[in-house]
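Q: After the C-alpha cells below, expect a handful of questions from me.
The values are calculated or read from the model by the stated rules, or taken from the named source; none is laboratory data. Small disclaimer: the values here were computed from a predicted structure and weren't measured. In this analysis, Cβ positions are derived from the backbone assuming ideal geometry, glycine residues included, and neighbour counts consider all displayed protein chains.
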Amino acid sequence: MRANLIIGAYTIVALLAACSGASTPSNPSNLSNPSKPIASGEIWPDDRGEHINAHGGGVMAYEGTYYWYGEHKADTTSSAYVGVTCYSSLNLTDWKYEGVALSVVDEPGHDIERGCVLERPKVIYCPTTKKFVMWFHLELKGQGYAQARYGVAVSDTPTGPFTFLRSGRVNPGLYPLGMTEKDVAAVEAIPAKSVEKWWTPTWYDAIDRGLFVVRDAKAHSDGRHDLPAGQMARDQTVYVDTDGRAYHIFASEDNLTLHIAELTPDFTAHTGRYVRVAPAGHNEAPALFRRGNTYWMITSGCTGWAPNEARMFSAPSIWGPWTQHPNPCRGPKAELTFMGQSTYILPVAGKEDAFIFMADIWRPRHPSDARYIWLPITFENDVPVVEWRDRWTLDFFD
C-alpha cells in the first residue's frame, strides 16, 4: 500500500515456448498434511515459531516445493532494512524460513541501499535461461515515492541469493499499443493551464487520453526531483501465460492507470509493447490470473495504508479490452476487502480451477505485525467470488 496519490527487439519465438513461471507452476506432488487449517488474520508461525515476515509477496511452485517471497518488515518502519525474504513449503501451510533471498546493501547511493523502499516482490522461472527472476517496486532512499521504479534481480536457485541487475522506469520513449503519433501530438497540444487543477472533468479527460503517458515518456522534473524517461511503476506483479510469455503488471501514471507490459524471453526486461488498463481509475495492488480463456485481475483503490473496496476486471486477452466488475468479496467487511489489500492470486498446483486470493492486512504503526489473508476463490456463473472464511483447509479444492 502506498501513501495517497503522489504528485508528482528481441527475437522471441524460439525462446518463449520453453518459459514458464508462477502462473503455470510445477506440481508439488506431495501435499503433506493438507487438512491443516488456514486462518486469515492470525499469527502465522514459520518452522522457528516466528511470524512469517513476507509481506506484499507472491508464491512460486518449483520442482515439488512452493516458495513464498515477500517484503521483510521492521517493527517501526516499512523501509527496507533487510530485503526480500523466502520461505518454502510442501503443503502451503507449514513454512520453512529459507533466509533473505535479496539483501539490501550498505553502499551509499546504490539503488537498493539500506533504507530504500522495496515492495511487492514476485519471482518467476524461465527454464531456457535456468534463472529465477525477481521483479519488485523500488523507490530510492530518501526520495519518497517520486522515482516510481521497477527493480529486477536473478538467481540460479529459488532461495537465492538473488543478484540485483538494475532499476528504472518502464519503456522510456515508447507509447502504448493503439496510441498513434497523432494522439501524442493532440495530447501535447492540450493547454497546460486547462489541466493545472486536478480532478476536474477536463483533467480526467486529459488523463484518459494519456496526459501522464506523454509526460513520462521523456525525462523531466517534478519540481523536486529529476525523473528519468519511462512510465512510472509502483504496486506490481508478474504473470506468465500458458504460451510462455511473461508480463509485468503495475500501477502507473501517478497510480491513476494500470499498465500491462510484455517482458523479453529471459524475463529480465521489457519488449516495448504495453497497454493501459482503466485510465484514471485510480487502481493499485494488481493480482492477475487466468481461468480458461478469460483473464481476471483483482485490484484495490488508493487510500494509503487504509483498506478499501476491491475492484475486479476481466478480459478475453491480456491485451484487453478490460471490463470492470463489482467487488468480488463477500462476508464481514467485504466492502473493505476484509481489512486487507490484494497482492497475488496463487494457482494451487495439480488442482483444476483452484486459486487462492492472497492479501495483506497492513499495520503501519507496527509493520512487522502485518497479517495475511488467504481465501479460496469460487466461481458463480464463471465469475470469481472471494468469500470470508475464518478457517478453511486445502481439502476445499478436492
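Q: Does the range 358-398 hold any residues that are assigned to a loop (DSSP other than H, G, I, E, B) and within 15 Å of W296 (Cβ to Cβ), and which are they?
A: Passing the criteria: N381, D382.
Q: Which of the residues spanning the range 267-310 are charged (D, E, K, R), within 16 Å of the chain's Cα centre (by Cα) and closer than 20 Å to Y150 by Cα?
A: If the condition is that a residue be charged (D, E, K, R), within 16 Å of the chain's Cα centre (by Cα) and closer than 20 Å to Y150 by Cα, then R276, E284 are the ones that fit.
Q: Return yes or no: is A101 hydrophobic (A, V, I, L, M, F, W, C), over 25 Å from E387 (Cα atoms) and part of a loop (DSSP other than H, G, I, E, B)?
A: Spelling it out, it is not the case that A101 is hydrophobic (A, V, I, L, M, F, W, C), over 25 Å from E387 (Cα atoms) and part of a loop (DSSP other than H, G, I, E, B).
Q: Filter the range 262-276 down to residues that are among the hydrophobic types (A, V, I, L, M, F, W, C) and surrounded by 23 or more Cβ atoms within 10 Å (Cβ to Cβ) and give me whichever is nearest to R234 (Cα to Cα).
A: Only one residue fits best here, namely L263.
Q: Of all residues in the range 99-114 being acidic (D, E) and more than 22 Å from the chain's Cα centre (by Cα), which is nearest to V348 (Cα to Cα)?
A: Of everything passing the filter in the range 99-114, D106 is nearest to V348 (Cα to Cα).
Q: Could I ask something else about it? If you go through the range 315-323 one residue at a time, do you hit one that is under 16 Å from the mean Cα position of the chain (by Cα), modelled with pLDDT of 95 or more, closer than 23 Å to M358 by Cβ and buried (at least 24 other Cβ atoms within 10 Å of the Cβ)?
A: No, the range 315-323 has no match at all.
Q: If you take the residues of the range 95-114 that are small (G, A, S) and surrounded by 15 or more Cβ atoms within 10 Å (Cβ to Cβ), which of them is farthest from H248 (Cα to Cα)?
A: Ranking the candidates gives S103 first.
Conditions (1) under 30 Å from V277 (Cβ atoms); (2) in contact with a helix residue (DSSP H, G or I) (Cβ under 6 Å, 6 or more places away or on another chain); (3) small (G, A, S), marked per residue:
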position: L90; (1), (2), (3): no, no, no
position: L102; (1), (2), (3): yes, no, no
position: W135; (1), (2), (3): yes, no, no
position: Y150; (1), (2), (3): yes, no, no
position: G178; (1), (2), (3): yes, no, yes
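Q: Of the numbered conditions (1) surrounded by 11 or more Cβ atoms within 10 Å (Cβ to Cβ); (2) on the phi > 0 side of the Ramachandran plot, I190 fails exactly one; give the number of that condition.
A: It is condition (2) that I190 fails.
Q: Given the condition within 19 Å of the chain's Cα centre (by Cα) and either surrounded by 18 or more Cβ atoms within 10 Å (Cβ to Cβ) or part of a loop (DSSP other than H, G, I, E, B) (or both), answer yes or no: does some residue in the range 207-230 qualify?
A: Yes, the range 207-230 has at least one match.
Q: Next question, about the same structure. Can you tell me which of (1) of a type in the set (G, A, S); (2) modelled with pLDDT of 95 or more; (3) assigned to a helix (DSSP H, G or I) is the one G56 doesn't meet?
A: (3)
Q: Going by the conditions given, is T343 of a type in the set (V, I, T), surrounded by 17 or more Cβ atoms within 10 Å (Cβ to Cβ), in a helix (DSSP H, G or I) and under 18 Å from the mean Cα position of the chain (by Cα)?
A: In short, no.
Q: Within the range 346-398, take every residue that is of a type in the set (S, T, N, Q) and over 18 Å from R290 (Cα atoms) and give me the one that is farthest from the chain's Cα centre (by Cα).
A: Of everything passing the filter in the range 346-398, T393 is farthest from the chain's Cα centre (by Cα).
Q: Among the candidates R330, R290, which residue alone is charged (D, E, K, R) and surrounded by fewer than 18 Cβ atoms within 10 Å (Cβ to Cβ)?
A: So the residue among R330, R290 that is charged (D, E, K, R) and surrounded by fewer than 18 Cβ atoms within 10 Å (Cβ to Cβ) is R330.
Q: Which ones in the range 115-142 are crowded, with 24+ Cβ neighbours inside 10 Å and either modelled with pLDDT under 95 or not in a strand (DSSP E or B) (or both)?
A: If the condition is that a residue be crowded, with 24+ Cβ neighbours inside 10 Å and either modelled with pLDDT under 95 or not in a strand (DSSP E or B) (or both), then C126 is the only one that fits.
Q: Further question: Would you please list the contacts, defined by Cβ atoms under 7 Å and residues six or more apart or on different chains, that run from a residue in the range 331-357 that is within 21 Å of T303 (Cα to Cα) and modelled with pLDDT of 95 or more to a residue that is in a loop (DSSP other than H, G, I, E, B) and acidic (D, E)?
A: Listed by first residue and then by second, the contacts come to E335/E309; L336/E309; T337/E309.
Q: Scan the range 325-340 residue by residue and report those that are among the basic types (K, R) and not in a loop (DSSP other than H, G, I, E, B).
A: The one that is among the basic types (K, R) and not in a loop (DSSP other than H, G, I, E, B): R330.
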